Amino acid sequence: MRLFDTLSRQTRELRPLDGRTFRFYCCGPTVYGPAHIGNFRTFVLQDVLRRALEIGGMETLHVRNITDVDDKTIRDSRAAGVPLAEFTAGWTARFHADCARLGLLAPHVEPGAVAHIPHQIEMVQALLDRGHAYRSDDGSVYFRLASFPGYGRLSRLDQRELELGRTQATRANADEYAKDSLSDFVLWKARRAEDGEAAWDSPWGPGRPGWHLECSAMTRAYLGPDFDLHSGGVDLVFPHHENEIAQSVCACGGSFAAHWFHVAHLMVDGGKMAKSLGNLYTLDDLSARGWSPMETRHVLLGGHYRKPLNFTFDSLRAAREALGRLAEGEAALRRAAGIETSGAPAHGSLCGVPVGGGFEAAWQALEDDLNTPAALGEMFKALKRAGTASGADAAAAWRGLHAMLAALGLVLPDRAAAVEPVAPPAVRALAERRQQARAARDWAAADTLRDELAALGWTVRDAKDGYELIPR
RNA sequence: GGCGGAGUAGCCAAGUGGCCCAAGGCGACGGUUUGCAAAACCGUUAUUCGCGGGUUCGAAUCCCGCCUCCGCCUCCA
């Protein structure tokens, strides 16, 4: 697997530092509301990265945090009149439900910030001890940027630019007088009245961790000072990831993440997504409009992760059709190969086995900087080529297709499950009457009955012997 | 203002020096099939890659200028 690295600006081969397990960290959600499809673009791509590594035969250790204490969670839990822990637990459950619907593999470790306050305090103390941090009068602790010359390498900002941007930002927000330098950032925030109960004891008085510190402490706890990869949305490059590097390197030594993976933003109708524009969709919003999470996942895989992707309802329609074609191709291969079961091959049987059966190019596209759109394109080409295969060839193609589906995390719609059994008796009776009319060559009556079925939401699909009823 | 990313057919999108008169999906159109449809299958659908220059034997791909969109510039995936 070759992947672009934000820090070195190069596409590099991914190899586990310890030679065995690829250990990576993903910045997870802040649980103060439902995640939107833009958030999920990042999580889906992190999931595909892990799946592709595993299909490629690599062992992984996937850590993704839950940010359950910060300004927004505190603000909104207080507004709701609910204790912080209860408030974030609700949104965490919702996040997990959404992830499951999208077919995201659960991380091996999913640490929460609140559960790791001692780790964070320990890290702040280490930074103080080593002279990289200082206390302010109100009991907050700040990172001293001047003590870390490597700052700004990831986001390519030099000190002068930082100070410049800083001055502009501070004009509107004159709340930062406690710092020595304008660009210093907070490690530990002293408790303020508006924090309510959300405060923990520390050597510097009651307070709570700064957002950046949470991730640093959790990576240290589960991955140590050096690990394989760190990832998130592009907007986290600065300041979040830049600050994480500074904190972790200064507190623990080591070089922190060996590789940085950032996913570009999702746009809607060619513009940015924003609540105020009414185009910020959650999975539930799309479900309410009749679109399934898998269709959404297909849309999110439809563009390369380093380019902005334009989300439209037309692309959801296209995704629905494309998934249907894949499902039909899968069924055709299964029949041609004489495979009895309707399920996919066991996941374990696909890992570490070269992808074949005509799907080699699709796999190569994925291995080449996680090019999901090119991989999907190659899958359709392979499917077309395999159209006339039979026996062992069809079986190999079937396995190749399933290896790709497993790597992309796509679950195909089961069209067979959606037919007759679920049609209500009244609908089936209409369909039967139509069959009789057809047998009697009474086309006018048959067409009227077909219209009636359509009005009830059912499409009738005639076959050689009989018919199928398709909902919607 | 600084830094970074993007602009490819009706839509989504791959391709970053010759394999490109540009993949794939959707849509549209034509055909096979069908009582007619639907579904399926087959075929067609950009001599051209935001605009204008330039480099090169050769450019969507490199350089210069311009236009448009998006992101970041202290807590937004």
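The values are calculated or read from the model by the stated rules, or taken from the named source; none is laboratory data. If you're wondering where the values come from, they're calculated on a predicted model, not measured in any experiment. Please note: Cβ atoms are built from the backbone with ideal geometry, for glycine as well, and neighbour counts cover all protein chains shown.
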Item to complete: Can you run down the residue pairs with Cβ atoms below 6 Å, 6 or more apart or on separate chains, where the first is in region A:1-16 and within 19 Å of residue A:360 (Cα to Cα) and the partner is within 13 Å of RNA strand B (Cβ to nearest atom)?
Response: A:1/A:367; A:2/A:11; A:2/A:368; A:2/A:369; A:3/A:369; A:13/A:2
Discussion item. Anything in region A:346-357 that is farther than 14 Å from residue A:53 by Cα and either over 24 Å from the mean Cα position of the chain (by Cα) or within 8 Å of RNA strand B (Cβ to nearest atom) (or both)? List them, or say none.
Written reply: A:349, A:356, A:357
Practice prompt. Would you mind telling me which numbered condition in (1) over 21 Å from the mean Cα position of the chain (by Cα); (2) buried (at least 17 other Cβ atoms within 10 Å of the Cβ) residue A:360 fails?
Written response: (2)
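Filter region A:210-258 down to the residues that are among the hydroxyl-bearing types (Ser, Thr, Tyr) and touching a helix residue (DSSP H, G or I) at 6+ places or on another chain (Cβ under 9 Å) and list them by number.
A:216, A:219, A:231, A:248, A:255
A quick yes/no check of all residues on (1) modelled with pLDDT of 95 or more; (2) part of a helix (DSSP H, G or I); (3) buried (at least 20 other Cβ atoms within 10 Å of the Cβ); (4) among the hydrophobic types (A, V, I, L, M, F, W, C):
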position: A:47; (1), (2), (3), (4): yes, yes, yes, no
position: A:53; (1), (2), (3), (4): yes, yes, yes, yes
position: A:63; (1), (2), (3), (4): yes, no, yes, yes
position: A:73; (1), (2), (3), (4): no, yes, yes, no
position: A:76; (1), (2), (3), (4): no, yes, no, no
position: A:85; (1), (2), (3), (4): yes, yes, no, yes
Worksheet, complete the sentence: Of those in region A:299-314 that are modelled with pLDDT under 95 and part of a helix (DSSP H, G or I), the residue farthest from RNA strand B (Cβ to nearest atom) is A:313
Worksheet item: Based on what the data block shows, is residue A:322 within 6 Å of RNA strand B (Cβ to nearest atom), of a type in the set (A, V, I, L, M) and under 25 Å from the mean Cα position of the chain (by Cα)?
Response: yes
Worksheet item: Which of the residues that make up region A:328-381 are in a loop (DSSP other than H, G, I, E, B) and polar (S, T, N, Q)?
Response: A:341, A:342, A:371
Discussion item. For region A:289-319, give me each residue that is farther than 18 Å from residue A:271 by Cα and among the small types (Gly, Ala, Ser).
Written reply: A:290, A:292, A:318, A:319
Fill in: Residue check, residue A:408 within 15 Å of residue A:355 (Cβ to Cβ) and within 11 Å of RNA strand B (Cβ to nearest atom)
no
Discussion item. For region A:256-284: of the residues being of a type in the set (Gly, Ala, Ser) and modelled with pLDDT of 90 or more, which is nearest to RNA strand B (Cβ to nearest atom)?
Written reply: A:264
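Has region A:396-403 got any residue that is among the basic types (Lys, Arg), at pLDDT 90 or above and within 13 Å of RNA strand B (Cβ to nearest atom)?
Scanning region A:396-403 turns up no residue that is among the basic types (Lys, Arg), at pLDDT 90 or above and within 13 Å of RNA strand B (Cβ to nearest atom).
Within 9 Å of RNA strand B (Cβ to nearest atom), within 20 Å of the chain's Cα centre (by Cα), surrounded by fewer than 22 Cβ atoms within 10 Å (Cβ to Cβ) and of a type in the set (Lys, Arg): does that describe residue A:317?
On the way: within 9 Å of RNA strand B (Cβ to nearest atom): yes; within 20 Å of the chain's Cα centre (by Cα): no; surrounded by fewer than 22 Cβ atoms within 10 Å (Cβ to Cβ): yes; of a type in the set (Lys, Arg): yes.
So residue A:317 fails the test.
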Worksheet entry | Qualifying position, being closer than 26 Å to residue A:10 by Cα and either modelled with pLDDT under 95 or not hydroxyl-bearing (Ser, Thr, Tyr) (or both), among A:197, A:214, A:176, A:242 | A:242
Discussion item. Go through region A:375-391 and report how many residues are out of contact with any Phe, Trp or Tyr (no Cβ under 8 Å at 6 or more places or on another chain) and either touching a residue at least 24 places away in the same chain (Cβ under 8 Å) or charged (D, E, K, R) (or both).
Written reply: 11
Worksheet item: Looking at residue A:54, is it within 25 Å of residue A:221 (Cα to Cα) and in contact with a Lys or Arg (Cβ under 7 Å, 6 or more places away or on another chain)?
Response: no
Worksheet item: Does residue A:126 meet the test of being more than 13 Å from RNA strand B (Cβ to nearest atom), surrounded by fewer than 20 Cβ atoms within 10 Å (Cβ to Cβ) and more than 30 Å from residue A:412 (Cα to Cα)?
Response: yes
Worksheet item: So, in region A:285-298, of the ones that are in a loop (DSSP other than H, G, I, E, B) and of a type outside the set (D, E, K, R), which residue ends up modelled with the lowest pLDDT?
Response: A:290
Worksheet entry | Failed item, numbered, when residue A:249 is tested on (1) β-branched (Val, Ile, Thr); (2) within 11 Å of RNA strand B (Cβ to nearest atom); (3) over 16 Å from residue A:8 (Cα atoms) | (2)
Worksheet item: Restricting region A:449-469 to residues that are surrounded by 15 or more Cβ atoms within 10 Å (Cβ to Cβ) and not acidic (Asp, Glu), which is farthest from residue A:324 (Cα to Cα)?
Response: A:449
Response to the item:
Reported set for region A:7-30 where residues are more than 9 Å from RNA strand B (Cβ to nearest atom) and not in a strand (DSSP E or B) is A:7, A:8, A:14, A:15, A:16, A:17, A:18, A:19, A:20
Worksheet item: Counting just the residues of region A:194-244 that are among the polar types (S, T, N, Q) and more than 9 Å from RNA strand B (Cβ to nearest atom), which one comes out surrounded by the most Cβ atoms within 10 Å (Cβ to Cβ)?
Response: A:216
